[in-house]
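Read-outs: derived from the displayed coordinates by stated rules, not from any lab. Since this is a predicted model, take the numbers as computed values, not measurements. Because the Cβ atoms are built from the backbone with ideal geometry, glycine has one as well, and the counts that use them run over all protein chains shown.
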4 protein chains.
Amino acid sequence: MKGHIGGARLREIAAARAARSGTLRVTVGGMEEVLHRVFPVLDHGFVRVVDYMGDDGAVVQAARVSYGRGTRHTRDDRALIRYLMRHAHTTPFEMCELKLHVKLPIFVARQWIRHRTASVNEYSGRYSVLDREFYVPDPSVLGVQDPRNRQGRGAALPPGKARRVVEMLRRDAAACYGHYERLIGAGAGTGASGAEYQLARELARINLHLNFYTQWYWKTDLHNLLRFLELRTAPGAQHEIAEYARVICGITEKWVPFTWEAFRDYRLDAVRLSRLEVAVVRRLLAGSDPREALQGLSGREIRELEYALGIDLSRFA
Amino acid sequence: MKGHIGGARLREIAAARAARSGTLRVTVGGMEEVLHRVFPVLDHGFVRVVDYMGDDGAVVQAARVSYGRGTRHTRDDRALIRYLMRHAHTTPFEMCELKLHVKLPIFVARQWIRHRTASVNEYSGRYSVLDREFYVPDPSVLGVQDPRNRQGRGAALPPGKARRVVEMLRRDAAACYGHYERLIGAGAGTGASGAEYQLARELARINLHLNFYTQWYWKTDLHNLLRFLELRTAPGAQHEIAEYARVICGITEKWVPFTWEAFRDYRLDAVRLSRLEVAVVRRLLAGSDPREALQGLSGREIRELEYALGIDLSRFA
Amino acid sequence: MKGHIGGARLREIAAARAARSGTLRVTVGGMEEVLHRVFPVLDHGFVRVVDYMGDDGAVVQAARVSYGRGTRHTRDDRALIRYLMRHAHTTPFEMCELKLHVKLPIFVARQWIRHRTASVNEYSGRYSVLDREFYVPDPSVLGVQDPRNRQGRGAALPPGKARRVVEMLRRDAAACYGHYERLIGAGAGTGASGAEYQLARELARINLHLNFYTQWYWKTDLHNLLRFLELRTAPGAQHEIAEYARVICGITEKWVPFTWEAFRDYRLDAVRLSRLEVAVVRRLLAGSDPREALQGLSGREIRELEYALGIDLSRFA
Amino acid sequence: MKGHIGGARLREIAAARAARSGTLRVTVGGMEEVLHRVFPVLDHGFVRVVDYMGDDGAVVQAARVSYGRGTRHTRDDRALIRYLMRHAHTTPFEMCELKLHVKLPIFVARQWIRHRTASVNEYSGRYSVLDREFYVPDPSVLGVQDPRNRQGRGAALPPGKARRVVEMLRRDAAACYGHYERLIGAGAGTGASGAEYQLARELARINLHLNFYTQWYWKTDLHNLLRFLELRTAPGAQHEIAEYARVICGITEKWVPFTWEAFRDYRLDAVRLSRLEVAVVRRLLAGSDPREALQGLSGREIRELEYALGIDLSRFA
């Protein structure tokens, strides 16, 4: 925790966790447990639940536009939520809301902000001085450029190279932060560190790297949260944002367990078969000759179908 | 209340109001008071707060991206909220969320839904049978077509005419609802009321008027709520939706009193002067000859300026 | 066409079709053909393309953030569009825009408007007098309430009943429109039709049914258009809005043929298998005993899987 | 232009400008002039119009939901547009759409992207290698931190200091870009420049500064464009993004001249007076004693009122 959040701030958080009050609103035991706690992510980042609205019952209540809690029987609620998820009736899931406080590298923030249906208040580098905190990947996650997937990373760098890359990233960020300090004149003057400039913060910050940490309040509804989690835990997502998504998956599971279960069954672990793939599966199930069954699919499509269904079709191709 | 909500539902609501639990989230005393209560609007409609997230402090907290509850001193919070409102820094106001259950005539719902940044789940006339409830205006609010403002209503109808209008609306709605019942076959059979048809609900409902009541769950953030309230309490708003807006104004004031005060001072009761109007005011304040000062404004613009500033310029025109 | 649009308006449309000009923008031959033409829908409605922006090449251009027209080779463009569609890279499809003029019954408009990511300007019943035009279903589409699917329609009504339903709908709408005319005082005075009231239009209109026609300008981007078409041509969509969607499908195919083809292969005709269904298909393909393979699926789920894959599993159940 | 765009790309752009076709859509002469042209901004950035939809007439057409081109008389159109702007009837302005290709520093992109109602496709640093282009401010715009406005910049740095700041920014960016090249292994090998790493691009890019250039396609409607321009040309906007906004202002004026004129009169050059300020102006105009008239306003509010109205109230304070 040390690297993620300072002592004074931990006291503020502790105070928030101590301030218990009564409410007539829906509460969720699992969320009260995690409220205000700091979940570390990467080397200095974190995710912290600041507030939430609604629960699984609120989804059901909205779907039924009913008067009471929306719950007749727990079993009915689960079934209705599964029905809604299965048939993409998404609006009832918009009735729950989550507010997070997140500390994250700027390059991660740039991917995250592309999810437009959300509210954001970010720490302002125009107004405030940024902390001396930047992301340096663990050597184990330093991959080479994937030769096939042009936007992915492949095999790990050899340890020696990885160590030197880490060194380079650390040195560059540290040196530029030192210059940033001189530009804004936050240092001790014209001593050993050289002259200082009182430059406007909004300009000085442009000398910082994309791996410096920023932080924000981020609020979104459950439907849009699930889309974020689906996209950012997918194989194509960059490792660093996926680390955040995985932590938020754990929080979401505590918050709305029925929704989470349905989301896994019908979205995360579901498979979409294209028109052509459906035809192939149909032919295979009908027992037609495998070689004929696969006609119309390219080699790449056959591999994707194998991956999707977890089967080996190579003997037929 | 009788005409607005049934007995069984009142019991469900009473149960919701009795279910108190502890939470680490921010709570607002004034909102806990109104939570789940039914505020009657028009002849059968209502507004009911189902849930809320955040308070004035949450606006401050987001603006500062702070760690604790966001409140240093009540006085600072108020000043910051006024600053945000004055300078149209709107994103921190998105950090609060309100969820309402509303019963409203369909023609009001059609205006309301134009506010797109909100989540809605509406009672489905495809799935369920609509109640025999329709809006009939009080005779006192029946105005003639405004001869100048083409989308407004002017002077009240004379009492006799108003009574006959009310009668006509009531009779037409009642008769068509009777037919609706026969179309869906909800009645007692082929007795006095005639044959019945078991027609699909999604078709039968097209025989209902725009003044029939529907209901929905509506959830939006504080920023978008204020825009709704600003637009729907403005002089040009239709009386019926303004009735809903006024009730929600009262709720908002209890929820976020500092925000509400700032909203009134800088938005509701503020005046926007156009480039030309600014020039006129400047000349008037500089003591230039009034006739010259008003040059460039049309008669209509002069009247609008008089109205905006609450002054009489007629002696100069 | 007669019932859909008046003569004076046809002349205006003809004028628009005659006004040809030169442009450096991307144009699409197929769209220029349909521009401003009136496609009839239902008994009085229509869809008319008013403007468009972009083509298949614009999707490619945005995906590549390229400088030129985005087209290297037609074959590459098609492949890239298929890749984008397959992997749900949706933002490039937002780069095309379509603007329609639509005349539609109010109950259809109420479903349509739920698609929030669009711009709408609707004919105002507060400002203008609504025409005497209402939707009366063709007897052939009058279905009874579906006994299983609570929001659908089932078998057709017998001809005699259907005729009487049509009569009832027609009579009610005509009678109420007559009253509407008296309320606004648009008629000839206090003659045979009775007294008139000069009631404000915004009030008089509440005496009209949900099947009266309104019209609007509707503008959305290609990505959101496809979601609209996917949802509104699905089996669960109400017949009437599906009629509009089908007409727009035809327009979209002319506009962006590669996108349309990919949309059909990967969305419209694709099948999503849940986690459980994937497991079943895997077991079936592996040749395991069918009875065991289907374990974990309910009877309903087995039927849905059969429907999705177009196979008969009943012998195993 | 040299620093902004390469020769091969200029040829692509020239080709786009040469490809003229006929259309039945609305065209705007002024926009055809600027279409595809590159407007330089800052040291390496640019704005380029890629496509547009609609004109002033399209705003009018949507407001009237009319059948033809929407234009009866130019004078009526102008008056209607001014009316819409004055009374904040914003939806007709959504009926026009603009698509830009923009090259801009990442810290500017981070402010820009906060405007959520827009479509964006950005050049991907995960997929492609970023160019060796970074923003270095002209010495004349290097201001010190504003002592009063905590997020602004104040007086210019003395020339000597400014030169040294520029040097520092340039040196840091160049050095880190050199390392970026080594990380991705784009250089000539393990010669003088040292070892290379084949690191995945998505990781290597985190060693770049916030002043490196990126580019994107950005598409938004006229209503949201005006909000962007209003906010980003306001006194509080950062100089660099304001440079882009000013170029787009010029384009917008060519595109929709009536809308632009109304926007200036009723938005850009308008003044919003708070409830208290209205009261003060009213008292001043009524000739009441100035000292009393200003009661209730703080010193700061008096200064803001003076600024807004361009008058000197100091003699009264």
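Counting only alpha carbon atoms, the long axis of helix D:275-285 and the longest principal axis of chain D meet at about 50°. Each of C:Asp77, A:Asp55, B:Asp269 has some number of other Cβ atoms within 10 Å of its Cβ, and from fewest to most they run B:Asp269, C:Asp77, A:Asp55.
Mean separation of Cα pairs under 8 Å and 6 or more residues apart, divided by the residue count, gives chain A a relative contact order of 20 percent. Among the listed pairs A:Lys219/B:Lys99; A:Lys161/D:Lys103; A:Lys99/A:Lys254, a Cα-Cα separation exceeding 24 Å is found for A:Lys161/D:Lys103. With an a/c value of 1.5 or above and a/b not larger than b/c for the gyration tensor axes a ≥ b ≥ c computed over the alpha-carbon atoms, region B:1-57 is described as oblate. Applying the Karplus relation 6.51 cos²θ - 1.76 cosθ + 1.60 with θ = phi - 60° to region D:89-100 yields 3J(HN,Hα) values of 7, 8, 4, x, 6, 6, 7, 10, 9, 10, 10, 10 Hz, where x marks Gly and Pro. Counting, for every residue in B:264-273, the Cβ atoms of other protein chains within 10 Å of its Cβ and taking the mean gives 6. Ordering B:Ile302, D:Ile311 from the fewest to the most neighbouring beta carbons within 10 Å gives D:Ile311, B:Ile302.
Summarising the rotation from chain B to chain C, the nearest chain B beta-carbon to the axis and its distance in Å are given as B:Arg116, 2. In order along region C:208-225, phi translates into HN-Hα couplings of 9, 8, 5, 8, 5, 7, 10, 8, 7, 8, 10, 10, 8, 8, 4, 4, 6, 4 Hz, rounded to whole numbers, per the Karplus curve 6.51 cos²θ - 1.76 cosθ + 1.60 with θ = phi - 60° and x for Gly and Pro.
Please sort by residue number the chymotrypsin sites (Phe, Trp or Tyr not before Pro) in region B:123-160 whose DSSP state is loop and whose Cβ has at most 16 other Cβ atoms within 10 Å.
In loop regions of region B:123-160 (DSSP not H, G, I, E or B), the sparsely surrounded chymotrypsin sites (Phe, Trp or Tyr not before Pro) are B:Tyr127.
For D:Gly154, nonlocal amide neighbours, meaning residues 5 or more places apart or on other chains whose placed amide H falls under 5 Å from its own, are D:Val144, D:Gln145, D:Asp146. Amide H to amide H, with H built 1.01 Å from N, B:Leu297 comes under 5 Å of no residue 5 or more places away or on another chain.
Among B:Val50, B:Val256, B:Val144, whose mean-square fluctuation peaks in a Gaussian network model of chain B (Cα, cutoff 10 Å)? The residue with the greatest mean-square fluctuation here is B:Val144.
Across region B:166-317, the mean sequence separation of Cα contacts (distance under 8 Å, 6 or more residues apart), normalised by length, yields a relative contact order of 12 percent.
The local environment of D:Leu203, defined by Cβ-Cβ distances under 11 Å, has a net charge of +2 under the rule Lys, Arg +1 and Asp, Glu -1. Residues B:His89, C:His36, arranged from fewest to most other Cβ atoms within 10 angstrom of their Cβ, appear as B:His89, C:His36. Over region D:139-207, Cα pairs under 8 Å with separation of 6+ residues give a relative contact order of 21 percent. A simple rule links phi to the HN-Hα coupling: the Karplus curve 6.51 cos²θ - 1.76 cosθ + 1.60 with θ = phi - 60°, which for region B:35-49 gives 3, 6, 5, 9, 9, x, 9, 6, 8, 9, x, 7, 10, 9, 6 Hz, with x for Gly and Pro. Counting, for every residue in C:245-253, the Cβ atoms of other protein chains within 10 Å of its Cβ and taking the mean gives 0. The overall shape of region A:105-228, judged from the alpha-carbon gyration tensor, is oblate: a/c is not under 1.5, and a/b is no greater than b/c. Between this copy and the others, label points of B:Arg37 are 3.7, 6.1, 6.3 nm apart in ascending order, each placed 7 angstrom from Cα in the Cβ direction. Axis angle, to the nearest 10 degrees, between helix C:159-184 and the longest C-alpha principal axis of chain C: 50 degrees. For C:Arg9, the point set 7 Å out from Cα toward Cβ sits 3.8, 4.7, 6.0 nm from its twins in the other copies, listed from shortest up. With label points defined 7 Å past Cα in the direction of Cβ, position C:Arg114 shows copy-to-copy spacings of 2.1, 2.9, 3.5 nm, given to one decimal and shortest first. Per residue, the protein assembly as shown reaches -13000 deg cm²/dmol at 222 nm when only DSSP H runs of four or more residues are counted, each adding -39500 (n - 2.57).
For the residues of B:50-57, the average number of beta carbons from a partner chain within 10 Å of their own beta carbon is 5.
For chain D, rounded, prolate or oblate, judged on the Cα gyration tensor with a ≥ b ≥ c (square roots of eigenvalues), a/c < 1.5 rounded, else prolate if a/b > b/c? Oblate.
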